[in-house]
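What follows is a short report on a single structure.
What follows draws every value from the coordinates through simple rules; no lab data is involved. Since the structure is predicted, the reported quantities are computational estimates derived from the model, not experimental observations. Note: ideal-geometry Cβ built from the backbone for every residue, glycine included; neighbour counts use all protein chains shown.
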């Protein structure tokens, strides 16, 4: 056995919870196993995609030899610097948001007296993360039959990957090394220092003044969260409105909420430089190409994109094409330009979501282990991918946007049900939002949907299921929804479509019934 490539890892702050986390996802006493003679599958990267591939292959009961290589923390971004920590602190921020609005519900709470114990919020997050970490632990994967190697993996030939001084021969390999926060090209920002999603969760003290660069999902989620924690937040965005890749009506709701909550929005902005000064970090910028302005903050959080982790893999040695912006090049079967090497997750996909990486991993398992035996091949393009932006309210989307359908030459009709017409939303005081469903003209086939609601992410799966199952609006209208629930907005949309099918005679008959009742 060898540990010549092993590096001890620590996660800041070094408290009991982060020590527990590391003990599971990069144990300091780990000894890499002796490599098998040849592996059926070697996976580089222990994030969601890599873990699902490795666990799925090892759990088939076929006696396959599977190896997993991870140089940093098992669990990848999702567990360590993504979904788990961000949603944990977002939950705390939602409590603050509810207290801010308490007076509308007849509960007298002085908003100015709400005190957020930032250190406790972050400690709670670290505790939750540590408690979830055993599921992604090195020991768990070893126990299910995966040889886990902690260290940096690199290709050295068409059938060999090197980890330290150990060589792993393979029949098939999977690249699942993910992506990292993109480095901003702003003069002086490196010297001034900045946070990303990879470092912000190490904070133990709340910054009084926070600048967030980027009005996409990450920037918006964290801007609102830190504003509710009591920070003065300024949000810089190059576009004319936030979340410009989302449905425009949905994005406008979030933008108005941000303004109401006191976030300083600097839209159509261009940051020219950053300077560290005696009073903080001064950002020089212009908006709408006008006169240069400046603002001084305590911390800068950058959320402007992701860069694929393609470095040091020696991909050239095995004929795997890639670029440093889009990552590894794959076909619809997630096969790279080397037919024996596949890729999955953020390293190669536009959908940079945990659930997308999970779905891609399942495609890889089928295409590497089953399709050689004539059992069919799975395609990335067949996936119906929902996603959620976890602002308050949330934006959830699946399928096509209206403009996308029109660009493809598909004529669409759009049904919009405002939550101001949904009884449960009215009772909850959550009338701001809507269910918007696009369907093909002359058909009840659902092409896409956007939902804006406090728990939109919990509602979008019903629409996703209808698209995957090819259940149209007509049949959806017959599905009984419990009353009162906000999901009734989906049924109302289906009912709205069904009413368009009524003939003049049936409309007249229904009108008579209404008068009688």
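Below are the figures for this structure:
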| read-out | value |
| --- | --- |
| Relative contact order of the chain, defined on C-alpha pairs under 8 angstrom at six or more residues apart (%) | 13 |
| Relative contact order for the stretch 305-425, counting Cα pairs under 8 Å that sit 6 or more residues apart, in percent | 14 |
| Cα gyration tensor shape for the chain, rounded if a/c is under 1.5, else prolate or oblate | oblate |
| By average C-beta atoms within 10 angstrom, highest first, the peptides 170-180, 316-326 | 170-180, 316-326 |
| Relative contact order [Cα under 8 Å, 6+ residues apart], the stretch 189-304, whole percent | 35 |
| Value in Å of the Kirkwood radius, where the stretch 324-401 supplies the Cα pairs that are averaged | 13.6 |
| When the convex hull of its Cα atoms is projected in every direction, mean area for the stretch 30-102 (nm²) | 7.0 |
| Sequence ranges 151-157, 98-104, ranked by mean other-Cβ count within 10 angstrom, highest first | 151-157, 98-104 |
| Prolate/oblate/rounded label for the stretch 112-249 (Cα gyration tensor, a/c 1.5) | prolate |
| Helix-only [θ]222 nm of the chain, DSSP H runs n ≥ 4, -39500 (n - 2.57) each, per residue, nearest 500 | -9000 deg cm²/dmol |
| Between the stretch 321-372 and the stretch 64-92, the Cα center-to-center distance that results, in Å | 19 |
| Fraction of antiparallel bridges per DSSP, the chain only, in percent to nearest 5 | 60 |
| Gyration tensor verdict on the stretch 393-505 (Cα atoms; rounded if a/c is under 1.5, prolate if a/b is larger than b/c, oblate otherwise) | oblate |
| Segments 115-121, 449-455 sorted - mean Cβ within 10 Å per residue, highest first | 449-455, 115-121 |
